[in-house]
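This report refers to the structure that appears directly beneath it.
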Amino acid sequence: MDTSQTYTKIVEGFAHFFERPEARLRFLNHTLARQTASRERADQALRRLKFFRRSRLYDYLLRAWLYHLIFQELKGYRAQTESGRRGLAGLTRTAPLVARLTFRCYQFRHALGVVGVLLLCTAFYGAYRGAEWGAARANDYLSARYRKVVGVAQPGPAGAARGQTSLPPDYRPGRVWLVEQGEGFERYSNGARILLDLETVNRPRGYYVFSGGLPQTAGGLKREPVGIVYHTSENDMLPFTPDNSDSIEVRSRGLLEYVRRNKSYNYVIDRFGQVYRIVRDEDAANHTGNSVWAGTGGTYVGLNDSFLGVCFETSMEAGGEERLTEAQLVAGRLLTQVLRSRHQIDDANCVAHGLVSINPTTMGIAFHHDWARGFPFEAMGLSDKYPVAPASVAEFGFTYDEATVEKLGGAIWQGAAAAEEEFARRAADAKTAPEQLRRRMRDAYRERMEVQRRARASSGGGEAPGRAGPEDGDR
């Protein structure tokens, strides 16, 4: 059937609601004329979409529009005549649902317009927030391309205390190399410059790695450093101002001479960012004495032999802006890259002195408390070790008292609290009192230190003079 005939039949179906013939004819002609004009405009707009114009959907939409025109015409009559009102009521019963909905939308077009504007504003805001969220996720993704997730496991006889560190920048050992070695200095590809005029020797390195309570003796003693311990010098500090430059230099020289005399660290970074090698990497410096850390490879005790000691000339009592100068931050990061590259040191084995220092006599942690808070791991290109459960607490049962908390500024680092819970679970699993297990593990720690002492002595490494007893350390 021709569409014009179809439209005529639809309109005629509603024309009988009008009693007067002239009103009925006017309704019929006016509605069909408007529908014809609407179709011509639609055909012109969609002239290139012939497939759509031939589809049933197109015809269906035109019929819906026709009903819309009918509603408009009836709306004009309903206020004038009783028949118009009856016609509109009849329409609501006879017209298709989509047509009735179309007319209702037309009736409430002003209110719907306001709602539409509000929805549009909401949509724009949602799109903005979505784009912002997507940009953040994209940034995280791109950052992840250059960073790695480091999960630091703390090996132990009861299954281990585990800490999840933050995401460090992706550093791949091997990127940094020695560019130039001149008289009294070394220059590296990342810009690091190490001064050698104070370099000295000490006893050779020699240590075991422990796992499950037993040393890994395959291949004998280990000789290569596997980690870095960061220290503060705790010497007297002057305000870091231009008028103190000469005095600062004098004090730095005094510190360097003291460190060289006592072979206290492998490296010292002064307040102007100059890096000095004191004890060569192949030898153990006397920097951390009684200590425990569990990272890549297993558990390490007595970190003098297994870890390099890097000291910043500063004090834990210094103010935030003066604790580390900008030059020290830059130099510390460059030196960290050099040492990790040279010795293939894993991020998990780069830690602060306060987190590894212990006193086996009192079973206390943080015997030396430098960097037990506030070490800028991220600035060094490292993951944060403060959330990591230290093996000294989780594995060996070392603890802390109110005096320790007070000297750390009123709060212990978060990993220590988690490690306490792990040790308590180990005691419960072993069906023993925590204090009894703690005594056994203190003896186990001492046995491990003795194993390493005897092994070094038998291999010719000997002992560092003046470094015995619970107060082993860097000061």
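The values are calculated or read from the model by the stated rules, or taken from the named source; none is laboratory data. Because the structure is a prediction, the values reported are computed rather than measured. Neighbour counts are summed over all protein chains in view; Cβ atoms, including those assigned to glycine, are modelled from backbone coordinates with ideal geometry. Keep in mind that these areas ignore ligands, DNA and RNA; they rest on the heavy atoms of the full protein, side chains included. Shrake-Rupley method; radii C 1.70, N 1.55, O 1.52, S 1.80 Å.
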State whether the residues of segment 407-423 include one that is farther than 30 Å from Arg323 by Cβ and open to solvent by less than 10 Å² (accessible area, probe 1.4 Å).
yes
Kindly evaluate Thr432 against the criterion of being open to solvent by 10 Å² or more (accessible area, probe 1.4 Å) and either within 22 Å of Thr296 (Cα to Cα) or not in a helix (DSSP H, G or I) (or both).
yes
Determine whether Ala389 is in contact (Cβ under 8 Å) with a residue 60 or more places away in the chain and part of a loop (DSSP other than H, G, I, E, B).
yes
Of the residues in segment 26-59, those that are surrounded by 15 or more Cβ atoms within 10 Å (Cβ to Cβ), of a type outside the set (Val, Ile, Thr) and over 58 Å from the mean Cα position of the chain (by Cα) come to Arg26, Phe27, Leu28, His30, Leu32, Arg34, Gln35, Ser38, Arg39
All but one of (1) among the small types (Gly, Ala, Ser); (2) modelled with pLDDT of 85 or more; (3) farther than 28 Å from Gly289 by Cβ hold for Gly134; which doesn't?
(2)
Mind checking whether some residue in segment 259-281 is in contact with a Ser or Thr (Cβ under 9 Å, 6 or more places away or on another chain), open to solvent by 10 Å² or more (accessible area, probe 1.4 Å) and under 30 Å from Phe398 (Cα atoms)?
yes
Can you tell me which of (1) at pLDDT 95 or above; (2) open to solvent by 10 Å² or more (accessible area, probe 1.4 Å); (3) of a type outside the set (A, V, I, L, M, F, W, C) is the one His368 doesn't meet?
(1)
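The rows are residues; the columns are (1) touching a strand residue (DSSP E or B) at 6+ places or on another chain (Cβ under 8 Å); (2) of a type in the set (Gly, Ala, Ser); (3) closer than 20 Å to Arg271 by Cα; (4) buried (at least 22 other Cβ atoms within 10 Å of the Cβ).
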position	(1), (2), (3), (4)
Val292	yes, no, no, yes
Gly302	yes, yes, no, yes
Gly309	yes, yes, yes, yes
Thr314	yes, no, yes, yes
Ala318	no, yes, yes, no
Ala331	yes, yes, yes, yes
Thr336	yes, no, yes, yes
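Matching residues to (1) in a helix (DSSP H, G or I); (2) acidic (Asp, Glu):
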site: Glu257; (1), (2): yes, yes
site: Tyr265; (1), (2): no, no
site: Val268; (1), (2): no, no
site: Gly289; (1), (2): no, no
site: Val292; (1), (2): no, no
site: Asp305; (1), (2): no, yes
site: Glu317; (1), (2): no, yes
site: Val330; (1), (2): yes, no
site: Thr336; (1), (2): yes, no
For the condition closer than 14 Å to Asn290 by Cβ, open to solvent by less than 20 Å² (accessible area, probe 1.4 Å), among the hydrophobic types (A, V, I, L, M, F, W, C) and in contact with a helix residue (DSSP H, G or I) (Cβ under 7 Å, 6 or more places away or on another chain), what is the one hit in Met363, Met380?
Met363
Taking segment 334-354, which residues are polar (S, T, N, Q) and within 20 Å of the chain's Cα centre (by Cα)?
Asn349
Between a residue in segment 246-269 that is touching a residue at least 12 places away in the same chain (Cβ under 8 Å) and farther than 18 Å from Gln328 by Cα and any residue that is open to solvent by 10 Å² or more (accessible area, probe 1.4 Å) and part of a strand (DSSP E or B), which pairs come within a Cβ distance under 6 Å, given they are 6 or more apart or on different chains?
Arg260/Thr200
